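First comes the structure, then the notes that go with it.
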Amino acid sequence: MKKTGIASLSGLMLALSLSHHAAAQTYPTKPVHVIVAITTASVTDIAVRTIGQEMRNLTGQPWLVENRPGGNMFLATQACVQAAPDGYTLCATNSGPVSYNPHIFSQKPYDIEKDLIPVTNMYFVLSGVIVRKDIPVNSVAELKALAAKGTQLNFGTLGPGSIPDVFRQWLNREWNANFADIAYKGGGEVAQALIKGEIDAAYIGLGNMTTQLQDGQLRALAVEGPHRSKYLPNVPTFDEAGIGNYPFGGPIWWGIHVPAGTPTAIVNKISADVGQALRTPAVVDFLERQFLEPAPSTPEQFAKFTKDDRDRAGEIVTRFNVPKQ
């Protein structure tokens with residue numbers, strides 16, 4: 001009886017494995033929902049929709065983007081955690097909910113390591129220090145000098161504990177400055193706030209304000225990364241501008257997670273399809289013009305990357321006494 005039970009269980013597991021494999025071969029057979037933790041018209045929203053167009057060309061099924069901004073990205077991530085683990089709900093994630101939130105917030109509606117499965121990185125974001133055009137500074141050194149006078153300057157972030165907010169807090173300590181946190185639900189809103197003069201400066205993805213930077217409505221003082229952007233050749237890097245000691249350790253990234261329990265075969269299929277889309281010349285060209293660097297990965301590579309990023313975020317939160325929420 002015991003051997004029969006074991007044999008039956010083994011047979012069931014084999015049957016489930018074969019079923020999942022067969023499902024992955026035909027996946028997707030209906031539209032795929034993608035939850036994005038940022039507002040419409042932000043660079044990430046536009047990028048995900050562009051990738052989705054190529055995914056439709058590759059798979060025959062559309063990506064239906066659902067924007068769920070706010071709540072320090074908890075709202076979107078929780079919605080993804082609660083979705084059916086069948087491959088038809090994807091979650092566009094970044095360092096905020098995956099790496100920083102677990103260390104900053106004591107009350108969390110999910111366990112990032114248990115409730116979500118890493119699928120693939122999508123791209124890295126070229127970020128920079130941006131100021132409104134009529135602020136009397138033309139360099140990071142001049143911004144530091146103005147801030148060091150004790151003048152309160154409004155700094156755009158994506159909410160307490162977000163990466164732009166961590167950067168703001170770091171500047172306040174390093175420069176003995178008084179940058180006030182003004183929170184928005186997406187990079188597009190931050191760009192508009194800069195244009196309207198509601199805020200003085202921000203640390204945000206440059207793709208949120210490509211046109212405004214090129215036509216002079218906004219001014220970039222420094223770009224993050226090892227070299228200058230070919231689209232902003234006159235803007236210095238963080239190292240050149242004197243803020244190369246910022247300890248974040250790498251550019252902001254955006255990737256894809258799915259709910260725990262999603263079959264491995266389907267996770268692998270999603271990763272492979274997205275990787276193919278991200279290598280399409282038209283997609284590569286579009287993303288690069290939005291100051292985004294395509295960086296697809298396997299689920300295993302992305303799992304290691306996100307764990308390392310989370311560990312690094314924990315070290316930063318502890319080292320710089322980032323306030324807990």
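The values are calculated or read from the model by the stated rules, or taken from the named source; none is laboratory data. Worth saying up front: this structure is predicted, and the values here are computed from it rather than measured. Positions of Cβ are generated from backbone atoms using ideal geometry, with glycine treated the same way; all protein chains shown enter the neighbour counts.
A search for C-beta distances below 8 Å between a residue of the range 115-134 that is farther than 20 Å from P85 by Cβ and any residue that is among the hydroxyl-bearing types (S, T, Y) and not in a helix (DSSP H, G or I), counting only pairs 6+ apart in sequence or on different chains, returns N121/S297; L126/S229; S127/Y203; G128/Y203; V129/Y203; I130/Y203.
Pick from the range 62-91 the residues that are among the hydrophobic types (A, V, I, L, M, F, W, C) and closer than 20 Å to P160 by Cα: which of them is surrounded by the fewest Cβ atoms within 10 Å (Cβ to Cβ)? Only one residue tops the list, namely L75. The criterion of being out of contact with any strand residue (DSSP E or B) (no Cβ under 7 Å at 6 or more places or on another chain), among the hydrophobic types (A, V, I, L, M, F, W, C) and either in contact (Cβ under 8 Å) with a residue 24 or more places away in the chain or surrounded by 18 or more Cβ atoms within 10 Å (Cβ to Cβ) (or both) does not hold for A295. Among the conditions (1) without any contact (Cβ under 8 Å) to a residue 60 or more places away in the chain; (2) in a helix (DSSP H, G or I), M209 misses just one, which is (1). Of the candidates A193, A201, A147, A180, the single residue that is closer than 15 Å to S127 by Cα and small (G, A, S) is A201.
For every residue, the table says whether it meets (1) part of a helix (DSSP H, G or I); (2) among the hydrophobic types (A, V, I, L, M, F, W, C); (3) not assigned by TED's automatic domain parsing to the domain that holds W170.
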residue: E293; (1), (2), (3): no, no, yes
residue: F305; (1), (2), (3): yes, yes, yes
residue: R310; (1), (2), (3): yes, no, yes
residue: K324; (1), (2), (3): no, no, yes
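Mind listing whichever residues of the range 291-304 are under 13 Å from E113 (Cα atoms) and either out of contact with any Pro (no Cβ under 6 Å at 6 or more places or on another chain) or of a type in the set (F, W, Y) (or both)? F302, K304 - these are the residues of the range 291-304 that are under 13 Å from E113 (Cα atoms) and either out of contact with any Pro (no Cβ under 6 Å at 6 or more places or on another chain) or of a type in the set (F, W, Y) (or both). If you go through the range 40-58 and keep only what is in contact with a Phe, Trp or Tyr (Cβ under 8 Å, 6 or more places away or on another chain), within 22 Å of T26 (Cα to Cα) and either of a type in the set (V, I, T) or buried (at least 18 other Cβ atoms within 10 Å of the Cβ) (or both), you end up with I51, G52, M55.
Could you go through the range 63-70 and let me know if any residue there is of a type in the set (S, T, N, Q), in contact with a strand residue (DSSP E or B) (Cβ under 8 Å, 6 or more places away or on another chain), within 20 Å of P296 (Cβ to Cβ) and assigned by TED's automatic domain parsing to the domain that holds P294. No, the range 63-70 contains no residue that is of a type in the set (S, T, N, Q), in contact with a strand residue (DSSP E or B) (Cβ under 8 Å, 6 or more places away or on another chain), within 20 Å of P296 (Cβ to Cβ) and assigned by TED's automatic domain parsing to the domain that holds P294.
Filtered by the rule that a residue be of a type outside the set (A, V, I, L, M, F, W, C) and in a strand (DSSP E or B), the range 212-225 gives a lone residue, R219.
If you go through the range 134-183 and keep only what is of a type in the set (G, A, S) and in contact with a helix residue (DSSP H, G or I) (Cβ under 8 Å, 6 or more places away or on another chain), you end up with S139, A141, A147, A148, G156, G159, G161, S162, A177, A183. Scanning the range 295-306 for residues that are in contact with a helix residue (DSSP H, G or I) (Cβ under 9 Å, 6 or more places away or on another chain) and closer than 15 Å to N94 by Cβ yields a total of 4. The single condition among (1) in contact (Cβ under 8 Å) with a residue 24 or more places away in the chain; (2) among the charged types (D, E, K, R); (3) surrounded by fewer than 20 Cβ atoms within 10 Å (Cβ to Cβ); (4) closer than 20 Å to D165 by Cβ that E224 does not satisfy is (3). In the set E174, E198, only one residue is more than 21 Å from the chain's Cα centre (by Cα), of a type outside the set (S, T, Y), part of a loop (DSSP other than H, G, I, E, B) and surrounded by fewer than 22 Cβ atoms within 10 Å (Cβ to Cβ); that residue is E198. Only residues that are hydrophobic (A, V, I, L, M, F, W, C), over 16 Å from V223 (Cα atoms) and in contact (Cβ under 8 Å) with a residue 40 or more places away in the chain were counted across the range 139-176, and they come to 5. When every residue of the range 266-284 is checked against the conditions, none turns out to be free of Cβ contacts under 8 Å to residues at least 60 places away in the same chain, of a type in the set (K, R) and closer than 20 Å to K114 by Cβ.
Filtering the range 1-59 to residues that are basic (K, R) and either at pLDDT below 60 or within 20 Å of the chain's Cα centre (by Cα) (or both) leaves K2, K3, R49.
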